[in-house]
Amino acid sequence: AQSVTQLDSQVPVFEEAPVELRCNYSSSVSVYLFWYVQYPNQGLQLLLKYLSGSTLVKGINGFEAEFNKSQTSFHLRKPSVHISDTAEYFCAVSDGGEDKIIFGKGTRLHILP
Amino acid sequence: DGGITQSPKYLFRKEGQNVTLSCEQNLNHDAMYWYRQDPGQGLRLIYYSQIVNDFQKGDIAEGYSVSREKKESFPLTVTSAQKNPTAFYLCASSPQRGAGGADTQYFGPGTRLTVL
């Protein structure tokens, strides 16, 4: 079965600085990859997803992620963060052709003024 | 407005009581999901359903039950057999069954259950 590792449980970063949130998954077989964001006391919403094609995926709110098959990684990046990006970010991967995905444990992004 | 509604937002229960969490969607989605979220644990799948009158266990189904009698509704019952039910519960839906995990999941706002 698939698994997802988000290497950092919390990431502090100064406002307007760049940020990278790391995500690795377990299997190199064909996968679909997702990043979701959760603002405090809310449900999750999709930031971006990789299904096929270009390995650089652009999402909402200025975020992008790069699919790296050889390193089984799908790191999320933003060149300049804002206070409004304060949230928890979840990486997820499809699970072997079934209609479900596996979530990582999440990374809390703290924006410092 | 199309979307997913969960009720109630907050729920308190005494130990030993069953409680049912509501999830309704008007997106005409085939698949629906229930997740449990605990601090530092991410989201763990409880049950999911791809079609009416059918559902599958997820990773942590013990102590929970579901039904899918209508396409738009997927209620979750937390039974007294669930040893540690205090958590944030999220319902989600996705458009098509058989998409192999490619579909985006759309989430409700969640229900926070506290067992007293």
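Only one entry of A:Gln71, A:Gln42 meets the criterion of being within 11 Å of chain B (Cβ to nearest Cβ), over 11 Å from the mean Cα position of the chain (by Cα) and either free of Cβ contacts under 8 Å to residues at least 12 places away in the same chain or not in a strand (DSSP E or B) (or both), and that entry is A:Gln42.
Checking each residue in the stretch A:49-68 for being touching a residue at least 24 places away in the same chain (Cβ under 8 Å) and either farther than 20 Å from A:Ser9 by Cα or among the acidic types (Asp, Glu) (or both) picks out A:Tyr50, A:Gly59, A:Asn61, A:Phe67. Residues in the stretch B:47-90 that are assigned to a strand (DSSP E or B), of a type in the set (Val, Ile, Thr) and touching a residue at least 40 places away in the same chain (Cβ under 8 Å): B:Ile51, B:Thr77, B:Val78.
Select from the stretch A:14-26 the residues that are more than 18 Å from A:Ala65 (Cα to Cα) and either of a type outside the set (Phe, Trp, Tyr) or surrounded by 20 or more Cβ atoms within 10 Å (Cβ to Cβ) (or both) and list them in ascending order. Within the stretch A:14-26, A:Glu15, A:Glu16 qualify. Consider the stretch B:8-36 and keep the residues that are within 13 Å of chain A (Cβ to nearest Cβ) and within 17 Å of B:Pro85 (Cα to Cα). The one that is most open to solvent (accessible area, probe 1.4 Å) is B:Tyr10. Scanning the stretch B:96-111 for residues that are under 24 Å from B:Leu21 (Cβ atoms), part of a loop (DSSP other than H, G, I, E, B), open to solvent by 30 Å² or more (accessible area, probe 1.4 Å) and not acidic (Asp, Glu) gives B:Arg97, B:Pro109. Do you know which of the residues in the stretch A:94-112 that are facing chain B (nearest Cβ under 7 Å) and charged (D, E, K, R) is nearest to A:Ala17 (Cα to Cα)? Among those that are facing chain B (nearest Cβ under 7 Å) and charged (D, E, K, R), it is A:Lys105.
The values are calculated or read from the model by the stated rules, or taken from the named source; none is laboratory data. This is a predicted model, so every value here is computed, not measured. Please note: Cβ atoms are built from the backbone with ideal geometry, for glycine as well, and neighbour counts cover all protein chains shown. Please note that ligands, DNA and RNA were not included when accessible areas were found on the heavy atoms of the full protein model with its side chains. Shrake-Rupley method; radii C 1.70, N 1.55, O 1.52, S 1.80 Å.
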